[in-house]
Amino acid sequence: MTAPLRLWDISAPVHAGSPVFPGDTPYSQQWCATIGPGCPVNVSAITLSPHVGTHADAPLHYAPEGQTIGQVDLTPFLGPCRVIHAIGRGPLVTWEHIAHAMNDTLPPRVLVRTYPAMPVDRWDPQLAAYAPATVERLAAMGVKLIGIDTASIDPADSKTLDSHQRIRHLDLRVLENLVLDDVPEGDYELIALPLKLASADASPVRAVLRELPR
């Protein structure tokens, strides 16, 4: 009998203490109904930015005429990917930080780990980001989705969002706030589908890596 393929849950927990970009809407939850006499179910209502926790940006996030997350093609969010370690190499992940993991079989999805341990409980104003030239070079190699274990592919204080503008121009997709602490470098299957939010600029995802068949 074949053993099941191993899964890595690379999603950040979402709760009232989840860090958010300064000024963004934090997660909150209230109970609308609770199990008791005359009520057979618990029902809650939640309020949050779609950028809380592990999430996928839509082109609308960085381009006024961009697609909403409910309109984007799901293909980039599902399939072979490569996890690359560039731990402590900020503030920008340059090509030299990830070149050791490049070869002719690079999958169309690349996730970069920059933290020894991703800070799921606090905002990090010194987060590492992608250098725009790195984004361009990955796209030239056929990459369609990039991901990172920080809150943004641009520096937290950036007003020009150069790497976001590169992915807009190159039609790439992006995942942010991944938790890659326990994931060795290597190739996996990525499963990180956004919700079909018809008018939103982003969506939370439950991002998972699955071991590839041997």
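A few notes on this one:
- Nitroxide proxy distance, nm - points 7 Å out along Cα→Cβ at M102 and L193: 3.3 nm
- Counting protein heavy atoms only, region 1-76 has 60 percent of its accessible area on carbon and sulfur, 1.4 angstrom probe.
- Annotation: per residue accessible area for the chain equals 51 Å², rounded to a whole number [probe 1.4 Å, protein chains only].
- Remark on L178: its backbone amide H falls under 5 Å from those of I148, D149, T150, a criterion applied only to residues 5 or more positions apart or on other chains, H modelled at 1.01 Å from N.
- Solvent-accessible surface (1.4 Å probe) assigned to H15 amounts to roughly 80 Å².
- For region 1-101, a Kirkwood hydrodynamic radius built from all Cα pairs, placed in the Stokes-Einstein relation at 20 °C and 1.002 mPa s, yields a translational diffusion coefficient of 117 µm²/s.
- The chain - Rg (one decimal) and Dmax (whole number), Cα, Å: 17.8, 63
- For region 50-63, 3J(HN,Hα) computed residue by residue from phi via the Karplus equation (6.51, -1.76, 1.60; θ = phi - 60°) reads x, 9, 6, x, 6, 8, 10, 7, 9, x, 4, 5, 10, 8 Hz, glycine and proline entered as x.
- The fraction of all Cα pairs in region 66-171 landing in successive 10 Å bins from 0 to the largest distance is 14, 47, 34, 5, given as whole percents.
- In sequence order, region 201-212 has phi-based couplings of 8, 6, 8, x, 9, 9, 8, 9, 10, 10, 4, 7 Hz under the Karplus curve 6.51 cos²θ - 1.76 cosθ + 1.60, θ = phi - 60°, and Gly or Pro positions carry x.
- CD proxy at 222 nm, helix term only [per DSSP H run n ≥ 4: -39500 (n - 2.57); per residue of the chain; nearest 500]: -2500 deg cm²/dmol
- If R0 equals 30 Å, the separation of the Cβ atoms of M141 and H15 corresponds to a calculated FRET efficiency of about 0.20.
The values are calculated or read from the model by the stated rules, or taken from the named source; none is laboratory data. The structure presented is a predicted model; accordingly, all values stated were derived computationally and were not measured. Positions of Cβ are backbone-derived with ideal geometry, glycine not excepted, and every protein chain shown enters the neighbour counts. The area values use the complete protein model at the heavy-atom level, side chains included, leaving out ligands, DNA and RNA. Shrake-Rupley method; radii C 1.70, N 1.55, O 1.52, S 1.80 Å.
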